[in-house]
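Chemist: The structure's right below; bear with me while I get my questions together.
The values are calculated or read from the model by the stated rules, or taken from the named source; none is laboratory data. Just so you know, these numbers come straight off a predicted model, no measurement behind them. Here Cβ is always computed from backbone atoms with ideal geometry, including for glycine, and neighbour counts include all displayed protein chains.
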Amino acid sequence: MLWLSVIVILSTKGLFAQNINAGARITAMGQTGVALQEVWSVQSNQAGLASLHKPIAAISYLNTIVGTEINTQSIVFAYPYGHQTFGWSMQSFGFSAFKERRYGFAYARNFNDVLFASLNFNYHQLSIAGYGHTGTYSVEAGLQYKPSESLIIGAHVVNPSASSYDAAVDAILPVFAEAGSSYLFSDKVLLSTALVVSSKRIADFRTGLEYSVIPQLAFRGGVSTHPFKQYAGFGYAIDHLCIDGALSSHPALGYSPQISLAYEF
Amino acid sequence: MSFKRQLLLLVLVISFQSGFTQTETDPFIETLLESIAENNQSETDYSELSERLYFIKQHPYDLNTVNLEQLTDLVFLNPLQITSFLDYRRDNGPFVEIQELQLIDLFTEETVQYMIPFIMIAKPGMLEIKKSQAKSTHELMTTYSRTIEKQKGYLVPDTVSHYTGSPFKLLNRYRYHYGKNVSGAVTMEKDAGEPFGASTKPYGFDFYSASLFIRNGRYVKKLALGDYSLQFGQGLSLWSGLSFGKGANIAGIAKLQSGLKPYSSTNETEFFRGVAATIAIKHFELTPFISYHAVDASVNTADTLINESQISSLSITGLHRTATELDNKGAASQLVFGSVIQYSGKALRSGVIVYQTRYNYNLESGQSLYNKFEFAGSTLTNSSVYYNYTWNNLYSFAEVSHSVNSGFALISGLMGSLSNKVSAVLFYRNYQKNYYSFFNKAINEGSNASNESGFYSGLTVALTPKTEISFYTDFFRFPWLRYRVDAPSSGRELLAQASWSLKKGTKLSFRYKSNVKEQNDAGENTINYLVPVHKDNYRLDFLTKLNANFQFRNRVEVVQYKKALNSQLGLLIYQDVLYKPMGSKLSGNFRVAFFHCDAYDSRIYAFENDVLYSYSIPAYQDKGYRFYLNTRYRLSRSIDAWFKYAITQYSSGEDIGSGLDLIEGRHKSDFKIQVRYSLK
């Protein structure tokens, strides 16, 4: 039964589009990374990288559908240099017979800690056992504006040139634009929102909340409206190491647990 | 009092002096009642709540003596605010100025504005207090109303099903208060179409209710004789009367119990009749109760086919107009007895409920597959454990309930004020398909708290003191079939509301609500496939105060309904004018509404002003106009009179309504007259 549903899901085009995973923190906050700033910005809105002051490396493992071997693994690295930050990302989605890989290189620049801008280049690779593999390129661009210490407004476009694999392959690369904001209500409460408009689907409104009980420990939650998903998670920081967990719930796919680790040099 | 506190107070007192002159509470009570009404789309009686609020307005609570339970009456306060208030008073000593409320952590400017009409600060030796402590007040009220056009039920010959009584509705209410601790109520009602007079039993009215309530004895904290209500825990097991559901008031998801209460509503089915008391010993309270009364039921009497009489269905409408309805009236009886024991500490309250409900006949469960797990039998024993606990800025609550020999149900929630601007609520529920309680008012998306699980999360953000955003999402599943749903199903609901207080007396709010549920497709099959049913509401409200006497209220609401190929659109626009001059004998309001709804599923509910204590939330359906006029005139110091006239003019069709309520023609009009005599 489970495999049947997996097949049904995989054969649905929209859902099959490679989901870019931006670490457990951003996932737990309802995938509202467009106006957040951290190392995983490299997989959400690369402009956020420009706010970093120290190199950070991070990995993440997402069990996309519980009870199957379908998963998403990512490894990212950000290296700030003056007013600029360079980012590398690698993500692999699928299972043994089906793999979708994405390699990204990001360049982000910080203008006086008020404006942040970025460009990102991706190489996508798709391999299906018995059928071979194919590859293609895409670009992303992002902006973040920080008018005050507590507010960030962000915008991000993904694959505006609508590049895709060659016509023989029945798989798509997502094309979408997103805009959103994050607001720090106190040193404990961070609220974020995002509106994502894709070329295929109607707008998806998302919102997320992070509550830091103590500076080292945070609880998070979020929702997205289309598809309707609920998210929850936590984060714990010890010295240079940060551990984040997230759980998302999809009405049809059920729960997807995720864990991320980050190390700040 | 510290110097800082004195200084703050001084500033507040100066800046809020103007706030005292006029306070409008009604729009808020209306919004609140509206949000309840949208979730229970049945006829609910809000008179008890509004009567209570008006009573408190006349006899405001003293900020320095008001207790937890009394604060619960002020339905706009959430549990964290109540705790915060009590903590403040304990830490800082008695209140000196009302505006000191501004200093309480979780109180917003709006909270204080809402609260002002209901509170005061008693000065030692204040004459009024002494007076009111031992003073009788009487209130006698008569309400007469009827539909002007003849309905089919009164016109058809006596040989077929028809309304046996006359088309008017008559309600008499008597309220008695002796100080703050003794109260009595008598209610007599005859609904439209019900017989009135000698030909019926009981003699005269169709429904009688009476109650006597005594508070604050040394050990017996409350004593109820006659009709009463019980509200405990989160409403999963034992809760009768009004309760709030999901709405724009996010914090309302946590129920605030009021325990034993006198009953004075006109709802003819949901009450207890007998004796109940709350006995307090230190931190413990024991509430034993027993109730017995006749209930309306359709009974299959014993004959050659069935050995013993059985109840095939219980009726909750309270209407006894036709021969069948009269036959079913009081055809069965219900006995309820049990007890609640509760501990109340500073931060923790917890209790255990055990009670039994007995009918004099067996209840039959329905024959359809969807009600396979419905309750069957004559005796049901319920037990339940609940608690709520406050820890810093977090309030947690839960109730676990069990219907003996059948299922379990669970509610668990967490509410937090994350900062002074952001508060969040998480709420989980899981009700098994064979969980039963006859007094079950827990939050649910179906028809009662059974066969459902769900997770709700809500957020309220005060962006600025004038701008507030509320947002919630709810995802739910129904593990067993339901009426018109031939498979396990699921759905979700989302609400977002933004409101702006532009200047004093002017408020703009926008609300979006979206609900998706699964339902059988339109095919005529034995078993159907499920299709999603989408319902989206967009609402814009505008309220403004023109001058000291006039207030304008506008609404535009659009509803979109979509089920497979059936898609409908509904539109409602109205203009209200409220006239309330200070000190004048005459006040009133009117509405002109235009509505254009494709069909039944795109109907729109909207709150209507009515005579005192009455509230109505009619559905605007089909296409046409509606007008109503509502006036109040003060005849003398002790006599007030109200009059309401309403007419709906439809733009198409041959008749209005269906069945015995059918009216020929395109318009329907009603009027209502109410007179109140109060003696102080």
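Chemist: Find the residue count for the range B:601-619, including only residues that are modelled with pLDDT of 90 or more and either surrounded by fewer than 20 Cβ atoms within 10 Å (Cβ to Cβ) or assigned to a strand (DSSP E or B) (or both).
Modeler: 2
Chemist: Would you pick out the residues in the range B:448-485 that are touching a strand residue (DSSP E or B) at 6+ places or on another chain (Cβ under 7 Å), at pLDDT 90 or above, more than 19 Å from B:R511 (Cα to Cα) and of a type in the set (A, V, I, L, M)?
Modeler: Within the range B:448-485, B:V485 is the sole residue that qualifies.
Chemist: Name every residue in the range B:590-600 that is buried (at least 17 other Cβ atoms within 10 Å of the Cβ) and among the aromatic types (F, W, Y), in order of residue number.
Modeler: Scanning the range B:590-600 gives B:F590, B:F595.
Chemist: Just checking: which of the strands (runs of 3 or more DSSP E) contained wholly in the range A:129-239 hold 1 or more residues that are within 14 Å of another protein chain (Cβ to nearest Cβ) and under 20 Å from the mean Cα position of the chain (by Cα)?
Modeler: Ranges flagged: A:176-184, A:189-198, A:204-214, A:217-225, A:228-238.
Chemist: Please enumerate the residues belonging to the range B:581-600 that are in a loop (DSSP other than H, G, I, E, B) and basic (K, R).
Modeler: Hit for the range B:581-600 is B:K585, nothing else.
Chemist: Does B:A210 satisfy the condition of being closer than 30 Å to B:A323 by Cβ, at pLDDT 90 or above, part of a loop (DSSP other than H, G, I, E, B) and not polar (S, T, N, Q)?
Modeler: Spelling it out, it is not the case that B:A210 is closer than 30 Å to B:A323 by Cβ, at pLDDT 90 or above, part of a loop (DSSP other than H, G, I, E, B) and not polar (S, T, N, Q).
Chemist: Also: Against the conditions (1) small (G, A, S); (2) in contact (Cβ under 8 Å) with a residue 60 or more places away in the chain; (3) away from every other protein chain (no Cβ under 11 Å); (4) surrounded by fewer than 24 Cβ atoms within 10 Å (Cβ to Cβ), where does B:S417 fall short? Just the number, please.
Modeler: Looking at each condition in turn, B:S417 falls short on (3).
Chemist: Would a scan of the range B:86-109 turn up a residue that is over 30 Å from B:L230 (Cβ atoms) and touching a Pro at 6+ places or on another chain (Cβ under 9 Å)?
Modeler: Yes, some residue in the range B:86-109 is over 30 Å from B:L230 (Cβ atoms) and touching a Pro at 6+ places or on another chain (Cβ under 9 Å).
Chemist: In addition: Considering only residues that are more than 10 Å from chain A (Cβ to nearest Cβ) and touching a residue at least 24 places away in the same chain (Cβ under 8 Å), which ones fall in the range B:448-457?
Modeler: B:A449, B:S450, B:N451, B:E452, B:S453, B:G454
Chemist: All but one of (1) part of a strand (DSSP E or B); (2) buried (at least 17 other Cβ atoms within 10 Å of the Cβ) hold for B:R358; which doesn't?
Modeler: With respect to (1) part of a strand (DSSP E or B); (2) buried (at least 17 other Cβ atoms within 10 Å of the Cβ), B:R358 is out only on (2).
Chemist: I need the full set of residues from the range B:468-496 which are of a type outside the set (A, V, I, L, M, F, W, C) and within 14 Å of chain A (Cβ to nearest Cβ), in order please.
Modeler: Of everything in the range B:468-496, those that are of a type outside the set (A, V, I, L, M, F, W, C) and within 14 Å of chain A (Cβ to nearest Cβ) turn out to be B:E468, B:S470, B:Y472, B:T473, B:D474, B:R477, B:P488, B:S489, B:S490, B:G491, B:R492, B:E493.
Chemist: Regarding the range B:72-87, can at least one residue be identified that is of a type in the set (S, T, Y) and outside any helix (DSSP H, G or I)?
Modeler: Taking every residue of the range B:72-87 in turn, none turns out to be of a type in the set (S, T, Y) and outside any helix (DSSP H, G or I).
Chemist: Could you tell me whether A:L119 is within 16 Å of the chain's Cα centre (by Cα) and outside any strand (DSSP E or B)?
Modeler: no
Chemist: Further, regarding this structure: Suppose we filter B:V516, B:V531 for residues that are of a type in the set (V, I, T), in a strand (DSSP E or B) and within 14 Å of chain A (Cβ to nearest Cβ); which single one remains?
Modeler: B:V516
Chemist: Taking the range B:228-238, which residues are crowded, with 24+ Cβ neighbours inside 10 Å and touching a strand residue (DSSP E or B) at 6+ places or on another chain (Cβ under 7 Å)?
Modeler: Within the range B:228-238, B:Y228, B:S229, B:L230, B:F232, B:G233, B:Q234, B:L236, B:S237, B:L238 meet the criteria.
Chemist: Mind listing just one residue for me: the one in the range A:240-256 that is away from chain B (no Cβ under 14 Å) and assigned to a strand (DSSP E or B) and, of those, nearest to B:Y472 (Cα to Cα)?
Modeler: For the range A:240-256, the residue satisfying everything is A:A246.
Chemist: Okay, moving on. What are the residue pairs meeting all of these: first residue in the range B:592-609, first residue within 15 Å of B:K563 (Cβ to Cβ) and of a type outside the set (K, R), second residue assigned to a loop (DSSP other than H, G, I, E, B) and modelled with pLDDT of 90 or more, Cβ atoms under 7 Å, and 6 or more apart or on different chains?
Modeler: Qualifying pairs under 7 Å: none.
Chemist: Cβ-Cβ distance below 8 Å, separation of 6 or more or different chains: which pairs start in the range A:180-206 with a residue that is more than 14 Å from A:L36 (Cα to Cα) and end on one that is of a type in the set (S, T, N, Q) and not in a loop (DSSP other than H, G, I, E, B)?
Modeler: Cβ pairs passing all conditions: A:D187/A:S212; A:K188/A:S212; A:D204/A:S198; A:D204/A:S224; A:D204/A:T225; A:F205/A:T193; A:F205/A:S224; A:F205/A:T225.
Chemist: B:L260 fails exactly one of the following numbered conditions: (1) within 30 Å of B:K346 (Cβ to Cβ); (2) in contact (Cβ under 8 Å) with a residue 40 or more places away in the chain. What is the number of that condition?
Modeler: (2)
Chemist: Now, a different point. Could you list, in sequence order, the residues of the range A:158-176 that are under 23 Å from A:L115 (Cβ atoms) and buried (at least 17 other Cβ atoms within 10 Å of the Cβ)?
Modeler: A:V158, A:F176
Chemist: What single numbered condition from (1) more than 27 Å from B:V354 (Cβ to Cβ); (2) more than 9 Å from chain A (Cβ to nearest Cβ); (3) part of a strand (DSSP E or B) fails to hold for B:R429?
Modeler: All conditions are met except number (1).
Chemist: With (1) surrounded by 17 or more Cβ atoms within 10 Å (Cβ to Cβ); (2) at pLDDT below 90 as the list, and B:E308 as the residue in question, which single condition is left unmet?
Modeler: Here B:E308 meets the rest and fails (1).
Chemist: How many residues, within the range B:434-461, are surrounded by fewer than 19 Cβ atoms within 10 Å (Cβ to Cβ) and not in a loop (DSSP other than H, G, I, E, B)?
Modeler: Within the range B:434-461, residues that are surrounded by fewer than 19 Cβ atoms within 10 Å (Cβ to Cβ) and not in a loop (DSSP other than H, G, I, E, B) number 2.
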